[in-house]
């Protein structure tokens with residue numbers, strides 16, 4: 001007569017099936033989380049296919065950050081209602097983690113793109129302005145700065161960075177600054193009109209500003225981005241010599257910032 005209606009797995013086979021090791025199964029047995037279905041007279045442990053499914057649930061809950069004691073209490077008291085509530089909670093948590101990982105992946109790709117741009121810069125592009133066709137860009141702007149006064153400058157920058165962090169607008173672009181045409185014409189290159197943080201897609205946000213697509217006169221700046229006078233003077237001279245008309249704003253944006261380069265003399269900023 002057939003002894004068992006369902007197959008039993010030895011500890012070794014069950015460990016391989018679950019993608020774990022015998023040490024983990026012994027530990028789960030010791031704490032009463034997943035004891036074997038039966039133990040024979042020689043002390044050999046045996047598990048069932050139902051316990052394989054239970055092990056999968058334990059693994060998922062553990063990966064979600066639940067402690068083994070919490071998992072044990074759930075298993076001991078589980079019923080469909082509690083299981084449904086637990087799944088809903090974990091589904092929400094997984095969704096948040098996926099969103100966070102997606103943002104991290106976007107940040108990494110943005111930084112990779114900026115590094116590739118830096119690698120493609122020609123030596124003369126640090127000295128001579130050049131034209132570049134740029135697509136529309138989506139910027140989250142700060143409140144107006146319109147000042148080179150240190151305290152106001154610092155407060156607005158802090159509030160802007162905090163706002164972008166709270167609203168999840170940090171996608172890997174270093175923050176930038178806008179300078180008005182009037183400030184440039186007065187050679188006031190440190191009087192910012194706005195700070196901004198670029199994002200990849202338009203957002204339903206009152207601070208969204210769209211930089212129009214078009215042909216821009218550009219120049220790269222190597223070194224301290226807080227000392228842009230020589231670069232801006234070359235750009236202004238380029239405009240005068242070629243009878244060009246400036247737009248409402250100039251944009252100063254980081255390409256290689258302090259997160260990628262330790263040496264201040266090797267930072268790279270793009271001015272357009």
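Listing for the model above:
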read-out	value
Residue match in the range 240-250 (condition: farther than 18 Å from residue 115 by Cβ, in the same structural domain as residue 152 (by TED's automatic domain parsing), crowded, with 17+ Cβ neighbours inside 10 Å and under 23 Å from the mean Cα position of the chain (by Cα))	no
Any hit, the range 169-181, residues being on the phi > 0 side of the Ramachandran plot and surrounded by 18 or more Cβ atoms within 10 Å (Cβ to Cβ)	yes
The range 204-231: number of residues that are surrounded by 13 or more Cβ atoms within 10 Å (Cβ to Cβ) and touching a strand residue (DSSP E or B) at 6+ places or on another chain (Cβ under 7 Å)	15
When residues of the range 1-22 are limited to those that are outside any loop (DSSP other than H, G, I, E, B) and either at pLDDT 95 or above or touching a strand residue (DSSP E or B) at 6+ places or on another chain (Cβ under 7 Å) (or both), the one surrounded by the most Cβ atoms within 10 Å (Cβ to Cβ)	14
Unique residue being without any contact (Cβ under 8 Å) to a residue 24 or more places away in the chain, out of contact with any strand residue (DSSP E or B) (no Cβ under 9 Å at 6 or more places or on another chain), within 17 Å of residue 251 (Cβ to Cβ) and assigned by TED's automatic domain parsing to the domain that holds residue 254 when the list is 165, 182, 159	182
Test: residue in the range 223-233 that is in a strand (DSSP E or B), under 16 Å from residue 179 (Cβ atoms) and touching a residue at least 12 places away in the same chain (Cβ under 8 Å)	no
Exclusive hit being exposed (fewer than 15 other Cβ atoms within 10 Å of the Cβ), in contact with a strand residue (DSSP E or B) (Cβ under 8 Å, 6 or more places away or on another chain) and over 19 Å from residue 253 (Cβ atoms), set 82, 93, 45, 38	38
Residues (part of a helix (DSSP H, G or I), within 24 Å of residue 95 (Cβ to Cβ) and without any contact (Cβ under 8 Å) to a residue 24 or more places away in the chain) located in the range 27-78	53, 57, 62, 63, 70, 74
Count - residues of the range 96-137 that are exposed (fewer than 13 other Cβ atoms within 10 Å of the Cβ), in contact with a strand residue (DSSP E or B) (Cβ under 6 Å, 6 or more places away or on another chain) and not assigned by TED's automatic domain parsing to the domain that holds residue 200	0
Any chance residue 131 is touching a residue at least 12 places away in the same chain (Cβ under 8 Å), part of a helix (DSSP H, G or I), under 27 Å from residue 266 (Cβ atoms) and over 24 Å from the mean Cα position of the chain (by Cα)	no
Exclusive hit being under 25 Å from residue 111 (Cα atoms), surrounded by 20 or more Cβ atoms within 10 Å (Cβ to Cβ) and touching a helix residue (DSSP H, G or I) at 6+ places or on another chain (Cβ under 9 Å), set 195, 189	195
Complete set of residues in the range 51-70 that are more than 18 Å from residue 22 (Cα to Cα) and out of contact with any helix residue (DSSP H, G or I) (no Cβ under 9 Å at 6 or more places or on another chain)	63, 67, 69
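The values are calculated or read from the model by the stated rules, or taken from the named source; none is laboratory data. Computed from a predicted model, the values in this text were never measured in an experiment. Backbone-built Cβ (ideal geometry, glycine too); neighbour counts: all protein chains shown.
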